[in-house]
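J.: To start, I am sharing the structure in question, which I have written as structure tokens.
The values are calculated or read from the model by the stated rules, or taken from the named source; none is laboratory data. Keep in mind the model is a prediction, meaning the values are calculated, not measured. As a convention, Cβ positions derive from the backbone with ideal geometry for all residues, glycine included, and neighbour counts pool all protein chains shown. Heads up: the accessible areas ignore ligands, DNA and RNA and are worked out on the full protein's heavy atoms, side chains in. Shrake-Rupley method; radii C 1.70, N 1.55, O 1.52, S 1.80 Å.
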Amino acid sequence: MSVLRPLHVDDLFRFNNINLDVWTETYDLGFYLQYLATWPDLCYVQAAPSGRLMGYVMGNAGREGTSSDWHGHVTALTIAPEYRRLGLARSLTTLLELVADAVYTGAFVDLFVRCQNQVAIDMYEGMGYSVWRRIREYYGSLGRGREGRDEEDAFDMRKPLSRDPSRHSVRSNGRDVIVDQA
Amino acid sequence: MERQIRAVYDALDNGSNKTAIAACQKILKKQPKHELTKTLLALALVRSQKVEEALSHCDEVLAAKPTNDAVLTAMIHVLRGLGRQKDIVSMFEEASKQIPDSEELATQTFLANIRVQNFKAAQQIAGRMHKQFQEDRYIYWHVLSAILQASEPSTSSDMRVLLFKLAHRLITASPTPPYVNADRFHLHLVILRELGLFDEARTLLESEVGKSICAASLACNEVRRDIWRAHGLFEEEGQKAEARITQQNDRNWLEFLSVIDAALLQVESKPEPDEAEKADRSARLTKTRQLFTKLAEDDGLKDRSAALALVELEKRANFYDLSSDPHGLIDVMKHYFELFGDKACCFEDLKPYVSLLEGDDLPQWTAFLQSSIDVSIDNSNVLRKLINAQKLLRYNTPELTLPEESARATQYTQQYLESLIHGSGLPATELQPADDLAILAASSFISIWQLSNDEKHLYNAAALLEFALTKSKQAFQMRLLLVRIYRLLGAPSAALDHYRAMQIKQVQHDTLSHFLISRSSTFSLAASGDLTYHTECIESSQIYISNLQDTGEYIARAFTGEKYSQIPEFILFEDRLEYSLQRDLVKVEDLRIRLTHEPISSDLIDMELIELKFSLDRLHYDNRDFDILANYQPRISASTNDQTLLFGKPEGRGWLTTFLKIYTRAFQQASDLDDTVEEKLLIGDRPKQSSPDAKIPLKDRLHHHLEKDLVELTTDELSFLKYCSTLADWLEPYHDYARPPPAVVLAEAAKLTQAKTGQPLKGVDLPPKNGTAATNGSSKKDEEPPAVVAPPTDLAQFFDDMKARFEAVKAEPSPTMALHVASLTQEACLFFLVESLRFKNPSAVKTNKLGALTQQLKPIRTAALNALRDISASLIKLAETEGTAERRKIFVDGCSPIINSNIDHDFVLNVAKKVTDSRKKVLDGYGKGMARLITTSSK
């Protein structure tokens, strides 16, 4: 039970309950403004009936390397600690997939996740994502923690959309395809 | 040449402004008229803060009316750096006039006008651009500029309609249909909504394209929903919503509200229904209830929308007296709690409904919740349910008494400690499921402190939260609360540590820095050289610089990328940061801090005066986030935020206005800059005067303080205000007499500029030197000086009173109040220095025949310094008694409630050490800083 609506720039004045969480980065103004000025239809929030923000997603759409395939990308997806385990991440992502498919005619949606974050990986797998490749030292800035390599490497996970009926964006050996960060 | 210019650019990119300046000067030696080099030189100078020198180069380039792309681009940066946005507009207007075929220049002119919010000019330019360049997007630029103009507060309602009609005409005449992209479509809908053109909106929205846009665009769907509802189509909207819920599994809460609105629609329109209508209403209610019940059953624990919609439906049914079941509401609430009681948000979900329970339902509700508390906490689901039950019970507490509140504090603490086991396996980055019990206990201790006025209960709150933070390192809610508590306890360095641990950055500074900076001059040790708070002020103000640089840039990008839905919001966002209340609160607080550290000079006074006056003319936006502080206090009690405000007083517009007036008045008296001089010397654009009071002459405003403003001041701040007013009233005639005339001030400024830059000051025509205006800073007056009268006795008395106040509060365990009184006394002394600065100059005194005045100033100065001397010595002495084993013992003994609940004694002792050490440091530092100030002021 929550209001799903577009992310507005003045939500930045009210996202503290989400962004004070240790895993959520607060970027400079330019980051949020760039997303809103370019992909406003890929940025949404979930809000409680009281107006309190519960979580948000920010995404973009573009081409992958030299390929001609458009695809959607989940850049930031975050839910305030007190609103977790309510399925909010799923409904935010579902809408993003719908828009990436219908408006941006993307072939797939992808996202990056820390290899050690099993809870999130399970959740994304439940939503139809699978590991496409492993990116070395993607989160390197945080340094190697207790979990070693898994803490700084990222999985690039993909979910095919309607333009990829033969599921080219799925491969079973994705976890073994290791690339360096571009 | 190209290579040399490349080198200048490289130097600028690397931030080596010195190199850039040298390279430019080298080029200019050979080619003194090279426009681009001159521009880059101006840029390097601006970036090295050499404003006067930059100005002359900048003005030369402007005068030559540049059209070269590189020059124009660099000039944008130069003029922005100088705060001269309006000159950017005229520069592009000129360039565009010279090369009318350039689409790029026209675009820049349009965007520059948008930047200064001159929407009318922008609208005209966009209109011309469409005619000339035949691009469809310029129609939309034209349309949006008209809408932006219509939305300005200064636009009359008639004009607003006219502008929207113009926008409508333009958009319907556009050769391409609006639905080629969602943002154009959105803009069209906004116009139709404003003009109430429902049929046209309906045609658009019900077309296939319209439907598919709304399906994928939340923004368009939002406007669509508004339009539907504004036309009373609740029934239809309800059906659409129901279809979305049942067929597409949409669980957006707004859809559920639409279904409820449709069900209870006619109730409001017909307050006295006949029998048939009553039956109809009851049938609708039953039907909706059935729909939601079925959905809730199907969704189970997967989604809580339908279950909560049932609660909302019963609430409204009760409100309209439609329900036949008197216990309908409590039944669905219980059901909701049973299903979702183990979700952290359950308390917040049910909170709005609790206050509606009455009669028998209340004890029943309490008993029901109680059954979730009297349980053994076997797993984290039971724990979360227990926490929700505790919060809901506490929220509904009918009265607060000491014994009951103490019992609750003990229970929360014990349950907290018992439940820690359920989070023991979690990684250090995770929050503990039991955290909120610790916050509940702390909230309880805060209430007991308020009831008993005994500070030891705050020790318990602090020590327990510190303990909980060792278990849950990322619990920012606890840190926020600790920041508040430590400030109340007079342990500012402990507060600062927690504030910093939260790593507040970027836009969060605007919304959260109030936790640290509000009235922080009380704790600032700047007088003894510790610039911590000054640094925090600077850091938290960086966001306003980024806003000025970035937001405008992205407004332009949104135009070129045709994301029209974002533009009005970006413009408002930029204003909200630019005119942020917190921004000016920080500015004033920083000024109060800096005055204790920087020598008081006429330069400082002149600079600050201009800023202060700008702030006074502003209408401020309050973006501060107070809701972030968890509030689990009973609804009959004040919120945690209100309970933990320093000195129990909020700091807002009233406080800011009062302090701005106090400072402006004193600085204006001390300054030689009157309005005509300021106008000539001002470099950047004058900011918008958005405050409604800006129309009242400043002089009148400065003399009056409104009751609604003064309620935000503490008693001691009110005394300080009275002192400042008395001082200013007394000295006003002497300042006005002795202030040199504008011509003399300008001549002096011109001389300084000439000496600095070798160029004359632009726009200042010096009067011929015929002997009437000497340039030594003084001039002969025709009239006699005002007779010197003795100062009001209140002035010296103020310092005696403050000394007595200090004596009265210094024994309080928390040094916060003593520091408050001490800092205001010190501030009063500094004000005296500001107000008497002019009369320290012997030649000015002599020329103005005000020798008698200096004699009258002496006794006040003596009283001020004596008071400071006593207070300073007293603070240093107090510091000696802090941080001792004895003080730590008092703290630890006070913590017996939590120690008895099994919080380790040694742990509490460490917290005691932290608090008392911090007190010692601030008392000692403040006392010594004061002593230093006395020495420098006695000179």
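J.: Return yes when B:L464 is buried (at least 24 other Cβ atoms within 10 Å of the Cβ), closer than 23 Å to B:A344 by Cβ and not small (G, A, S) and no when it is not. Give the steps one after another, and end with the answer.
T.: On the way: buried (at least 24 other Cβ atoms within 10 Å of the Cβ): yes; closer than 23 Å to B:A344 by Cβ: yes; not small (G, A, S): yes.
Considered against the rule, which asks whether it is buried (at least 24 other Cβ atoms within 10 Å of the Cβ), closer than 23 Å to B:A344 by Cβ and not small (G, A, S), B:L464 comes out as yes.
J.: Those residues that are in contact with a helix residue (DSSP H, G or I) (Cβ under 7 Å, 6 or more places away or on another chain) and in a helix (DSSP H, G or I), I need them from segment B:843-865; list them, please. Show your work before the answer.
T.: Step one: of segment B:843-865, the residues in contact with a helix residue (DSSP H, G or I) (Cβ under 7 Å, 6 or more places away or on another chain) are B:844-845, B:848, B:850-851, B:853-854, B:857, B:859-861, B:863-865.
Within segment B:843-865, B:A844, B:V845, B:G851, B:L853, B:T854, B:L857, B:P859, B:I860, B:R861, B:A863, B:A864, B:L865 qualify.
J.: Please count how many residues of segment B:222-232 are under 22 Å from B:F292 (Cβ atoms) and in a loop (DSSP other than H, G, I, E, B).
T.: Start the filter on segment B:222-232 by keeping residues that are under 22 Å from B:F292 (Cβ atoms), which leaves B:225, B:228-229.
Now narrow it down to the ones that are in a loop (DSSP other than H, G, I, E, B): none.
Summing the residues that are under 22 Å from B:F292 (Cβ atoms) and in a loop (DSSP other than H, G, I, E, B) in segment B:222-232 gives 0.
J.: How about segment B:233-298: which helices (runs of 4 or more DSSP H) wholly inside it have at least 3 residues that are within 14 Å of chain A (Cβ to nearest Cβ)?
T.: Where helices (runs of 4 or more DSSP H) fall fully within segment B:233-298 and carry at least 3 residues being within 14 Å of chain A (Cβ to nearest Cβ), they are B:234-248, B:253-263.
J.: May I pose another question? Quick one: is B:P178 more than 27 Å from A:T38 (Cβ to Cβ) and either within 14 Å of chain A (Cβ to nearest Cβ) or not aromatic (F, W, Y) (or both)?
T.: no
J.: How do the helices (runs of 4 or more DSSP H) wholly within segment B:506-590 filter down when requiring 3 or more residues that are closer than 30 Å to B:L187 by Cβ and at the interface with another protein chain (Cβ under 10 Å from one of its Cβ atoms): which remain?
T.: Values: elements: B:508-512, B:514-517, B:532-560, B:567-578.
Passing ranges, in order: B:532-560, B:567-578.
J.: For segment A:75-90, give me each residue that is open to solvent by 40 Å² or more (accessible area, probe 1.4 Å) and among the hydroxyl-bearing types (S, T, Y). Outline the logic, then answer.
T.: In the first step, residues of segment A:75-90 are kept if they are open to solvent by 40 Å² or more (accessible area, probe 1.4 Å); the result is A:75, A:77, A:82, A:84-85, A:87, A:90.
Passing the criteria: only A:T75.
J.: Also, quick follow-up: With the checklist (1) under 29 Å from B:N249 (Cβ atoms); (2) at pLDDT below 95; (3) under 18 Å from the mean Cα position of the chain (by Cα); (4) within 7 Å of chain B (Cβ to nearest Cβ) in hand, flag the one item A:M1 doesn't pass.
T.: Just one mismatch for A:M1, condition (3).
J.: Taking the options B:K334, B:K385, name whichever one is within 39 Å of the chain's Cα centre (by Cα) and touching a residue at least 24 places away in the same chain (Cβ under 8 Å).
T.: On the way: B:K334 fails: within 39 Å of the chain's Cα centre (by Cα).
None of the other options fit; the residue is B:K385.
J.: A further question on this structure: Residues that are in contact (Cβ under 8 Å) with a residue 40 or more places away in the chain, surrounded by fewer than 17 Cβ atoms within 10 Å (Cβ to Cβ) and touching a Phe, Trp or Tyr at 6+ places or on another chain (Cβ under 6 Å), at least 2 per element: which helices (runs of 4 or more DSSP H) completely within segment B:613-699 meet that? Don't jump to the end; show me each part of the working.
T.: On the way: elements: B:640-643, B:653-670, B:675-681.
Per the criteria, no element qualifies.
J.: Only residues that are within 13 Å of another protein chain (Cβ to nearest Cβ), buried (at least 23 other Cβ atoms within 10 Å of the Cβ) and not acidic (D, E): list them for segment B:433-442, please. Before the answer, list the steps.
T.: Looking only at segment B:433-442, we keep the residues that are within 13 Å of another protein chain (Cβ to nearest Cβ), and these are B:433, B:435-436, B:439.
Then keep just the ones that are buried (at least 23 other Cβ atoms within 10 Å of the Cβ); that gives B:435-436, B:439.
If the condition is that a residue be within 13 Å of another protein chain (Cβ to nearest Cβ), buried (at least 23 other Cβ atoms within 10 Å of the Cβ) and not acidic (D, E), then B:I439 is the only one that fits.
J.: Here's something else I'd like to know. So which residues in segment B:845-887 are open to solvent by 20 Å² or more (accessible area, probe 1.4 Å), charged (D, E, K, R) and on the phi < 0 side of the Ramachandran plot, if there are any at all?
T.: Passing the criteria: B:K846, B:K858, B:R861, B:R869, B:D870, B:K877, B:E880, B:E886, B:R887.
J.: Let me ask another. Go through (1) over 15 Å from the mean Cα position of the chain (by Cα); (2) among the hydrophobic types (A, V, I, L, M, F, W, C); (3) more than 7 Å from chain B (Cβ to nearest Cβ) for A:A48 and report which single condition fails.
T.: Of (1) over 15 Å from the mean Cα position of the chain (by Cα); (2) among the hydrophobic types (A, V, I, L, M, F, W, C); (3) more than 7 Å from chain B (Cβ to nearest Cβ), only one is false for A:A48: (3).
J.: Please go through segment B:795-840 and give me each residue that is touching an Asp or Glu at 6+ places or on another chain (Cβ under 7 Å) and either free of Cβ contacts under 8 Å to residues at least 24 places away in the same chain or of a type outside the set (A, V, I, L, M) (or both), ordered by number.
T.: Across segment B:795-840, the qualifying residues are B:K803, B:R805, B:P813, B:S814, B:H820.
J.: Another question, if that's okay. Considering (1) more than 14 Å from every other protein chain (Cβ to nearest Cβ); (2) open to solvent by 10 Å² or more (accessible area, probe 1.4 Å); (3) more than 21 Å from B:S447 (Cα to Cα), say which one B:L329 fails and leave the rest.
T.: The single condition B:L329 does not satisfy is (2).
J.: Considering only segment B:483-505, state which residues are of a type outside the set (K, R) and more than 14 Å from chain A (Cβ to nearest Cβ).
T.: Here is the first cut: in segment B:483-505, the residues of a type outside the set (K, R) are B:483, B:485-486, B:488-499, B:501-504.
B:I485, B:Y486, B:L488, B:L489, B:G490, B:A491, B:P492, B:S493, B:A494, B:A495, B:L496, B:D497, listed by residue number.
J.: Taking the condition outside any helix (DSSP H, G or I) and not acidic (D, E), does B:S154 pass? Explain how you work it out, then say what you get.
T.: Numbers: outside any helix (DSSP H, G or I): yes; not acidic (D, E): yes.
Spelling it out, B:S154 is indeed outside any helix (DSSP H, G or I) and not acidic (D, E).
J.: Could you list, in sequence order, all residues of segment B:182-216 that are within 13 Å of chain A (Cβ to nearest Cβ), more than 38 Å from the chain's Cα centre (by Cα) and touching a residue at least 24 places away in the same chain (Cβ under 8 Å)?
T.: Within segment B:182-216, just B:V209 meets the criteria.
J.: Restricting the search to segment B:553-565, which residues are free of Cβ contacts under 8 Å to residues at least 24 places away in the same chain and either open to solvent by less than 20 Å² (accessible area, probe 1.4 Å) or touching a Cys at 6+ places or on another chain (Cβ under 8 Å) (or both)?
T.: Once the filter is applied, which keeps residues that are free of Cβ contacts under 8 Å to residues at least 24 places away in the same chain and either open to solvent by less than 20 Å² (accessible area, probe 1.4 Å) or touching a Cys at 6+ places or on another chain (Cβ under 8 Å) (or both), segment B:553-565 yields only B:A558.
J.: Please work out which one of (1) part of a helix (DSSP H, G or I); (2) free of Cβ contacts under 8 Å to residues at least 60 places away in the same chain; (3) of a type in the set (V, I, T) is the condition B:I114 fails and give its number.
T.: Result: B:I114 passes all but (2).
J.: What do you reckon, is A:D10 among the charged types (D, E, K, R), touching a Leu at 6+ places or on another chain (Cβ under 8 Å), open to solvent by 10 Å² or more (accessible area, probe 1.4 Å) and within 7 Å of chain B (Cβ to nearest Cβ)?
T.: Working: among the charged types (D, E, K, R): yes; touching a Leu at 6+ places or on another chain (Cβ under 8 Å): yes; open to solvent by 10 Å² or more (accessible area, probe 1.4 Å): yes; within 7 Å of chain B (Cβ to nearest Cβ): yes.
The answer is yes for A:D10.
J.: I need a count of the residues in segment B:217-231 that are open to solvent by 40 Å² or more (accessible area, probe 1.4 Å) and either in contact (Cβ under 8 Å) with a residue 40 or more places away in the chain or away from chain A (no Cβ under 14 Å) (or both). Full working, then the answer.
T.: Taking segment B:217-231 as the starting set, the residues that turn out to be open to solvent by 40 Å² or more (accessible area, probe 1.4 Å) are B:222, B:226, B:229-231.
Next cut, either in contact (Cβ under 8 Å) with a residue 40 or more places away in the chain or away from chain A (no Cβ under 14 Å) (or both) only: B:229-231.
Matching residues across segment B:217-231 total 3.
J.: Looking for something crowded, with 17+ Cβ neighbours inside 10 Å, charged (D, E, K, R) and under 27 Å from B:D454 (Cα atoms) - is there at least one such residue anywhere in segment B:378-390?
T.: Checking segment B:378-390: not a single residue is crowded, with 17+ Cβ neighbours inside 10 Å, charged (D, E, K, R) and under 27 Å from B:D454 (Cα atoms).
J.: How many of the residues in segment B:318-335 are on the phi > 0 side of the Ramachandran plot and polar (S, T, N, Q)? Break it down stepwise before answering.
T.: Taking segment B:318-335 as the starting set, the residues that turn out to be on the phi > 0 side of the Ramachandran plot are B:321.
Those still in the list that are polar (S, T, N, Q) too: none.
So the count comes out to 0.
J.: Please find, within segment A:22-32, the residue that is farthest from B:T551 (Cα to Cα) out of those that are within 7 Å of chain B (Cβ to nearest Cβ) and open to solvent by less than 20 Å² (accessible area, probe 1.4 Å).
T.: A:T26
J.: Check off (1) open to solvent by less than 10 Å² (accessible area, probe 1.4 Å); (2) over 22 Å from B:A307 (Cα atoms); (3) facing chain B (nearest Cβ under 7 Å) for A:G72 and give me the number that stays unchecked.
T.: A:G72 satisfies all of (1) open to solvent by less than 10 Å² (accessible area, probe 1.4 Å); (2) over 22 Å from B:A307 (Cα atoms); (3) facing chain B (nearest Cβ under 7 Å) except (3).
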